[in-house]
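Each remark here refers to the structure printed beneath this line.
Since every read-out is calculated from the coordinates, none of them should be taken as a lab result. Note that this is a predicted model, so its numbers are computed, not measured. Reconstructed Cβ throughout: ideal geometry from the backbone, glycine too, with neighbour counts over all protein chains shown.
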């Protein structure tokens, strides 16, 4: 399994932008473009629980059943962004 976004868990290989952007414009190898832009989190106020709920909603909008979306997102609290929170 390849690298995953340490905020939402999405495989970075699935990110059409190749990853988020650091403040110097380089591509982040830690966070995806949905979570991280210009060296800052897109949703800085989110908790791990908020991120999980947000991701479930987004996956459901794309046709995934809620239970499956929950399975895909249940590891979010263990990701790097949330370890110090």
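Once the range 66-77 is narrowed to residues that are in contact with a helix residue (DSSP H, G or I) (Cβ under 7 Å, 6 or more places away or on another chain) and closer than 21 Å to residue 19 by Cα, the residue that is surrounded by the fewest Cβ atoms within 10 Å (Cβ to Cβ) is 77.
Taking the range 11-34 as the range and being without any contact (Cβ under 8 Å) to a residue 40 or more places away in the chain and touching a helix residue (DSSP H, G or I) at 6+ places or on another chain (Cβ under 8 Å) as the test, the residues that pass are 18, 19, 29, 32. Scanning the range 37-62 for residues that are closer than 18 Å to residue 78 by Cα and in contact with a strand residue (DSSP E or B) (Cβ under 8 Å, 6 or more places away or on another chain) turns up nothing. The listed residues are 25, 18, 63, and the only one of them that is surrounded by 13 or more Cβ atoms within 10 Å (Cβ to Cβ), part of a loop (DSSP other than H, G, I, E, B) and at positive phi turns out to be 18. If you take the residues of the range 36-50 that are within 20 Å of residue 16 (Cα to Cα) and under 15 Å from the mean Cα position of the chain (by Cα), which of them is surrounded by the most Cβ atoms within 10 Å (Cβ to Cβ)? So, considering only residues that are within 20 Å of residue 16 (Cα to Cα) and under 15 Å from the mean Cα position of the chain (by Cα), the one surrounded by the most Cβ atoms within 10 Å (Cβ to Cβ) is 36.
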